1. Select from segment 139-164 the residues that are under 21 Å from the mean Cα position of the chain (by Cα), aliphatic (A, V, I, L, M) and open to solvent by 90 Å² or more (accessible area, probe 1.4 Å) and list them in ascending order.
2. Report, by residue number, each residue of segment 2-19 that is touching a residue at least 12 places away in the same chain (Cβ under 8 Å), open to solvent by 60 Å² or more (accessible area, probe 1.4 Å) and at positive phi.
3. Residues 63, 31, 44: which one is at pLDDT 95 or above and at negative phi?
4. Looking at segment 126-138, can you tell me whether even one residue there is closer than 24 Å to residue 63 by Cβ, assigned to a loop (DSSP other than H, G, I, E, B) and either open to solvent by less than 50 Å² (accessible area, probe 1.4 Å) or among the hydrophobic types (A, V, I, L, M, F, W, C) (or both)?
5. Starting from segment 52-68, take each residue that is within 23 Å of residue 97 (Cβ to Cβ) and open to solvent by 40 Å² or more (accessible area, probe 1.4 Å) and list its partners that are in a strand (DSSP E or B) and aromatic (Phe, Trp, Tyr), counting only C-beta distances under 7 angstrom and pairs at least six apart or across chains.
6. Looking at 114, 127, 54, 147, can you tell me which residue is modelled with pLDDT of 90 or more and in contact with a Ser or Thr (Cβ under 8 Å, 6 or more places away or on another chain)?
7. Which of the residues spanning segment 20-33 are assigned to a strand (DSSP E or B) and surrounded by fewer than 14 Cβ atoms within 10 Å (Cβ to Cβ)?
8. Every residue in segment 34-48 that is assigned to a strand (DSSP E or B) and open to solvent by 40 Å² or more (accessible area, probe 1.4 Å), please.
Amino acid sequence: AGSITDIFDIGLSYSQSFNGVDVDFGARWGTGDSNTVGRSDPETWGVGASISVSGFTFGAGYTENENGFAGGVGPTLATSDQEGLSVGVSYDIAGPWTVGLEGYFGETEVAGGSADYDVIKLAASRSLGAGVSWDVYYFHQETTDDSVGAGAEIEGDVVATAINLSF
């Protein structure tokens with residue numbers, strides 16, 4: 001059915017602290033050679049940044065992925081190009097807790113239209129000791145596909161928890 005070969009991906013990042021303010025910037029770009037009939041060479045890129053001050057961290061990122069299928073139709077995928085924006089804020093509460101709110105807003109081209117995927121996440125994390133944390137999350141997601149006439153909509157809510165170990 002074909003494949004992608006000679007994949008090349010490069011990224012750059014910059015991090016610095018200035019008088020109690022931390023800044024981070026990053027960017028990446030990637031491509032490959034398509035060996036599939038009807039598919040051009042895929043290309044992806046993204047940029048992001050965050051700034052931290054007085055316990056708050058604000059961040060945002062944007063990405064685009066062009067998978068190379070003309071007209072949003074491929075042999076195994078009914079999608080063509082995707083793009084997404086992520087924004088968020090977190091606060092490190094004095095003591096063991098960090099709380100945050102973030103959102104992801106994405107769109108995928110599909111045959112006959114586009115599909116949107118939006119997620120809002122509210123989270124809290126508590127340090128339990130060196131290398132151990134407990135996380136609690138609430139997600140609300142909405143998906144809308146306008147390629148199917150009046151549009152199909154799916155909404156969902158998730159509550160989850162996790163124990164993280166790092167060593």
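The values are calculated or read from the model by the stated rules, or taken from the named source; none is laboratory data. Owing to the predicted nature of the structure, the values given are computational and were not obtained by experimental measurement. A quick note on method: Cβ atoms are made from the backbone with ideal geometry, for glycine too, and the neighbour counts reach across all protein chains shown. These area figures cover heavy atoms from the full protein model, side chains too; ligands, DNA and RNA do not enter into them. Shrake-Rupley method; radii C 1.70, N 1.55, O 1.52, S 1.80 Å.
1. Across segment 139-164, the qualifying residues are 154, 159.
2. 6 - this is the single residue of segment 2-19 that is touching a residue at least 12 places away in the same chain (Cβ under 8 Å), open to solvent by 60 Å² or more (accessible area, probe 1.4 Å) and at positive phi.
3. 63 is the lone residue from the list that is at pLDDT 95 or above and at negative phi.
4. For segment 126-138, residues closer than 24 Å to residue 63 by Cβ, assigned to a loop (DSSP other than H, G, I, E, B) and either open to solvent by less than 50 Å² (accessible area, probe 1.4 Å) or among the hydrophobic types (A, V, I, L, M, F, W, C) (or both): absent.
5. Pairs that qualify, where the first residue is within 23 Å of residue 97 (Cβ to Cβ) and open to solvent by 40 Å² or more (accessible area, probe 1.4 Å) and the partner is in a strand (DSSP E or B) and aromatic (Phe, Trp, Tyr), are 56/91.
6. Just a single option satisfies the conditions, and that option is 127.
7. 21, 22, 33
8. 39, 43, 45, 47
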